[in-house]
Structures are given as structure tokens and as C-alpha cells.
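Please read the structure below before turning to the comments.
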Amino acid sequence: MSDTISRPEHISEGEWALRIKLAHCYHLVDFFGWTETIFNHISARLPDVEGEYLVNPFGLNYTEITPLNLIKVDVNGNKLDDSPYDGNPAGFALHGAIHAAREDVHCVIHTHTNEVSAVAMKKTGFTHDSFYGAQLYGRVGYHAFEGITLFEEEKGRMLESLGQKHILVLRNHGIAVGEFDIERTFFLLWTVQRAAEIQLAAGALGGEDVLLEEAISQKCADLTQMLIKDSGFATKFYDAMVRKMEAEKGLCW
């Protein structure tokens, strides 16, 4: 399975473990059907190295990502190693801005799924009345669409929109989620995606929703964050999803 590639001597054990985990994350996003062809990024901060990140080579499908072909970039998306693959500095603008400003965010995932993009189109954004939506209460920032996210002058406004939250809805566009590690970021992405799916399904049914009191939604959000922070819950979930993916797809590097 994914253990068939040996660690090159020039890569530390810590970096190699991160490369394996991040490559799995790319494959999981594809496995769940959340990719946007060759576009978007999942980035991870390198351990014990200031200002260096791993990200996908531009032009590869997510299923083609391996621990070896992930590339190192700086906060501006400039390539730092001698990889034969190129990065996409313009596409790293969002990730780089968040990584540079938030010491508590070591992984960022950006997606454009139909459900999430539909919610991003709505003035109300995410509602917090479903099991998953309640877990997002008080955790979502919203950023007005300014066109394709390429330009330096927009970074400050994006960061202001995010604040100290971990979910940024890019209006008329998609989302970015960021957490302390890959496992927690992936679990947060899964929760956001489920919230969007249920919100759209409930809306399609018509009729009146059962609304939750704000105090209940806040309690749900607080409990979820405590579970993710202290229990190893996200790691258990992540590892289980990797096992499920590899059992069903027979993936290997």
C-alpha cells in the first residue's frame, strides 16, 4: 500500500511522515469527490522549519500526488526545492496569507464543491440548525468576492474576514478551512461539507425548518471543538477514512 516508497536520505523522518499524511489527504479529497480537477490546494506547514510548506505540483490530479512529488514552497508559493514539478504561486495566495498570519493553522484546504459553493452564494451563508451546521456556530468568517484571488492587496482583507476563526467562506466562490494539523483540518472540511449538503437538501424539501436556539448551537460548537482538540477524535477519523479509501480503491503510490 502507501508504505512502498522508502524515505530519501535528504528528507527527515518528520518531513516524510508529513508528506505521507498530506498525500493521503489529497487522495481522500478525491475519494470523497471534492476535487476541482487540477485546481485548488491543500497545504501543510513543515515541522520545525520557519516559512516552508508542502503543496501539490500544479497540473497533477489529486490521485497523482505522492509523498515524493509534493513540492516545498515559501509563503508566496515560490518553489524552494529542485523538484522537476512547478508550483502555482498565484493559486497559493490564499493559503500563504493564512499561514503567514496564523501560527495556530498548520494546514489549509480550499474547495469548490457544488454544495459549499451554493451556500457561498446565499446572503445568509451557513445556517446552524442541523447537527453539522450547529457545530460551525461562531466559527465561520465571510469574505466578499473580489475576483480571482491573485493579488497582494486582497490578503489583508481576507485575513480581516477570517479573524481568529477556522472557516472562511469566500462569497460567490468556495471555502478555505484551516486547523492545527492535517487530521483536524480534514475533519473540519468534512463537517463543513456535510453541513452544506444537509442545508441544501432541507431547502429543497421546502416547508418550515425546526430552528435551534443560539445557546444550543453554541454548546454544540464548543463541545465539538473540545473533542477535536483533546481526544484524538480527528486522528481516529482520519486514519479510518484512509483505511476505507485504500480498502476500496487499492491505492498505492
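The values are calculated or read from the model by the stated rules, or taken from the named source; none is laboratory data. The structure displayed is predicted, hence computed values, not measured ones. No Cβ is skipped: glycine too gets one built from the backbone with ideal geometry, and neighbour counts run over all protein chains shown.
Filtering the range 65-80 to residues that are farther than 25 Å from VAL169 by Cα and either touching a residue at least 60 places away in the same chain (Cβ under 8 Å) or surrounded by 15 or more Cβ atoms within 10 Å (Cβ to Cβ) (or both) leaves ILE65, THR66, PRO67, LEU68, ASN69, LEU70, ILE71, LYS72, LYS79, LEU80.
Are there helices (runs of 4 or more DSSP H) fully within the range 182-253 with at least 1 residues that are of a type outside the set (Asp, Glu) and within 19 Å of ASP30 (Cα to Cα)? List them. Talk me through it step by step, then tell me what you get.
Details: elements: 182-205, 214-230, 233-249.
Per the criteria, 182-205, 233-249.
Answer with yes or no whether ASP181 is in contact with a strand residue (DSSP E or B) (Cβ under 7 Å, 6 or more places away or on another chain) and over 18 Å from LEU94 (Cβ atoms). So ASP181 passes the test.
The condition (being on the phi > 0 side of the Ramachandran plot and at pLDDT 95 or above) is satisfied by just one residue among GLY163, GLY141, GLY178: GLY163. All told, ASN56 meets the bar of being among the polar types (S, T, N, Q), farther than 17 Å from PHE180 by Cα and in contact with a Leu (Cβ under 9 Å, 6 or more places away or on another chain). When the range 86-125 is filtered for residues that are free of Cβ contacts under 8 Å to residues at least 12 places away in the same chain and of a type in the set (Lys, Arg), the ones remaining, listed by number, are LYS122, LYS123. The number of residues in the range 110-149 that are more than 23 Å from CYS25 (Cα to Cα) and basic (Lys, Arg) comes to 2.
Considered as a group, the residues in the range 152-191 that are basic (Lys, Arg) and surrounded by fewer than 21 Cβ atoms within 10 Å (Cβ to Cβ) include one that is farthest from ASP222 (Cα to Cα), and that residue is LYS155.
Give the residues of the range 214-253 that are surrounded by fewer than 12 Cβ atoms within 10 Å (Cβ to Cβ), over 21 Å from the mean Cα position of the chain (by Cα) and not acidic (Asp, Glu), sorted by residue number. Please lay out each step first, then the result.
Narrowing the range 214-253 to residues surrounded by fewer than 12 Cβ atoms within 10 Å (Cβ to Cβ): 215, 226, 230-231, 240, 243, 247-248, 250, 252.
Now restrict to residues that are over 21 Å from the mean Cα position of the chain (by Cα): 215, 247-248, 250, 252.
Across the range 214-253, the qualifying residues are ALA215, ALA247, GLY250, CYS252.
The set of residues in the range 106-148 that are polar (S, T, N, Q), within 16 Å of the chain's Cα centre (by Cα) and assigned to a loop (DSSP other than H, G, I, E, B) contains only THR113. Residue under question is ILE198, and the condition is that it be buried (at least 19 other Cβ atoms within 10 Å of the Cβ) and at pLDDT 95 or above; does it hold? When the stated conditions are applied, ILE198 does not pass them. Listed by first and then second residue, the pairs with beta-carbon distance under 6 Å, at least 6 apart or on different chains, first residue in the range 21-35 and closer than 20 Å to PHE180 by Cα, second small (Gly, Ala, Ser) and outside any helix (DSSP H, G or I), are LEU22/ALA44.
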